[in-house]
Amino acid sequence: AKAAGRNTLRFFDPAMQLMVAQRAELESDLRLGLKRGELMLYYQPVVDANRAVVGAEALLRWLHPGRGLVSPLEFVPLAEQTGLIIPVGVWVLQTACAQLAQWASDPLTAHLTVAVNVSARQFRQDEFVSQVQGALQQTGADPKLLKLELTESLLLTDTQDAIMKMAALRSLGVRFALDDFGTGYSSLSYLKMLPLQQLKIDQSFVRDVLTDHNDAAIARTVLALGRSLGFDVVAEGVETEGQRQFLLDQGCTLFQGYLFGRPVPVAEFRFN
Ligand code: C2E
Ligand code: CA
Ligand code: CA
Ligand code: CA
């Protein structure tokens, strides 16, 4: 037993075993939850410089019968590890596209875009393009109103494959945003290679934009970069008028954050 070393012993650590058991339980709960319809999409408004709502980001929620509302920060990473993110991701795409199609049928909401978060494992499958296409076709949603949010690490792992998938979806009219921009390692040359239309300034830079010179400089730089490369820039996590005003002064035209609206079930979504 001694020769086997620490790795073996760790297996019998009671705290560790509990964690493994809890994770296994969460996973089987999520598998069931998906079947039982416990997943929901909340929608958070994206507004323009005049505070007009131009779209929404779809944010996944799990209404667990015992635990209540579970945050995606808790179950998305687990779903990603176990592969459950694939059926979950298909559900998210279909539900978001169904919402787009429903909004399209009312002149008051027909212009709204919907942004969907895509996980790395979901994007890397060969079937990803056909899953998006399938969701659009089955619901009749307008591809031009669908925005897919990708992260830098996802795009960096196999950039050639990413470009091919994005190009296939671009030809349908689907748009792409780079989420959490500034937290990864993007080089400018690689940004230019990707068929992106939008950058989202990560909320970690917006939070202290009025007090932290470095965060202010990053926000300013991302806005200037977006302008020169022809991308829209969305500032996320905007909570105060001061933050909005600063970003507006730096040329930001799209905003998302509690100042304008929290993520809510679609029935509570205010589009004016
Ligand atoms: P994200 O894509 O960066 O989403 C923005 C997060 O910031 C959301 O957290 C949103 O509720 C929160 N937020 C928005 N405005 C504010 C604000 O003014 N202040 C603060 N403090 N927070 C704000 P949420 O909904 O908990 O989602 C967390 C993360 O989970 C998302 O980060 C995304 O990475 C992931 N996620 C959510 N839905 C999905 C999904 O359908 N699929 C995948 N793969 N991931 C998802
Ligand atoms: Ca996002
Ligand atoms: Ca983000
Ligand atoms: Ca994030």
Task: Among THR159, HIS111, LEU223 the positive-end extreme of the charge dipole of the chain (Cβ point charges) - done: THR159
- [ ] Positive end of the charge dipole of the chain (Lys, Arg +1 and Asp, Glu -1 on Cβ, about the Cα centre): tell me which of VAL92, PRO45, LEU199 has its Cα farthest that way.
- [x] VAL92
- [ ] Translational diffusion coefficient, Stokes-Einstein: compute it for the range 37-111 using the Kirkwood radius over C-alpha pairs as Rh, at 25 °C and 0.890 mPa s, and state it as an integer in µm² s⁻¹.
- [x] 176
Open item on the list: What's the ranking of 95-104, 243-252 by average number of surrounding C-beta atoms within 10 Å, highest first?
Closed with: 95-104, 243-252
Open item on the list: Could you tell me the ratio Rg/Rh of the chain? Both radii from Cα atoms, Rh via Kirkwood.
Closed with: 1.00
Task: Solvent-accessible surface (1.4 angstrom probe) belonging to ARG61, in square angstrom, nearest 10 - done: 40
Open item on the list: Give me the one-decimal Kirkwood hydrodynamic radius in Å for the range 118-272, with the sum taken over alpha-carbon pairs.
Closed with: 16.7
TODO: Please report, in whole Å, how far the alpha carbons of the range 16-71 spread along each principal axis, starting with the longest.
DONE: 53, 26, 15
Task: Efficiency of FRET from Cβ geometry, ASN50 and GLU25, R₀ 51 Å, rounded to 0.05 - done: 0.60
Task: Cα-centre dipole for the chain with unit charges at Cβ (Lys and Arg positive, Asp and Glu negative), debye to 20 - done: 400
Open item on the list: Give me P(r) over the range 209-272, computed from all C-alpha to C-alpha distances, binned every 5 Å, as integer percentages.
Closed with: 4, 17, 25, 22, 14, 9, 7, 2
Open item on the list: What are the ³J(HN,Hα) couplings of the range 80-91, residue after residue, when phi is run through the Karplus curve with 6.51, -1.76, 1.60 and θ = phi - 60°? Round to Hz, x for glycine and proline.
Closed with: 5, 5, 8, x, 4, 4, 5, x, 4, x, 5, 4
TODO: Could you state the angle between the C-alpha long axis of helix 128-139 and the longest principal axis of the C-alpha atoms of the chain, as a value from 0 to 90 degrees rounded to the nearest 10?
DONE: 60
TODO: State, as an integer percentage, the relative contact order of the range 150-197 based on alpha-carbon contacts under 8 Å between residues 6 or more apart.
DONE: 52
Open item on the list: Run the paramagnetic zone check for MET193: 7 angstrom along Cα to Cβ, then residues of the range 152-171 with backbone nitrogen under 17 Å.
Closed with: 152-168
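The values are calculated or read from the model by the stated rules, or taken from the named source; none is laboratory data. Predicted, not measured: the structure shown is a model, and the values here were computed from it. When we count neighbours, we look across all protein chains shown, and the Cβ atoms used for this are built from the backbone with ideal geometry, even at glycine. Ligands, DNA and RNA are stripped out before the accessible areas are found, and what is left, the full protein with its side chains, is counted by its heavy atoms. Shrake-Rupley method; radii C 1.70, N 1.55, O 1.52, S 1.80 Å.
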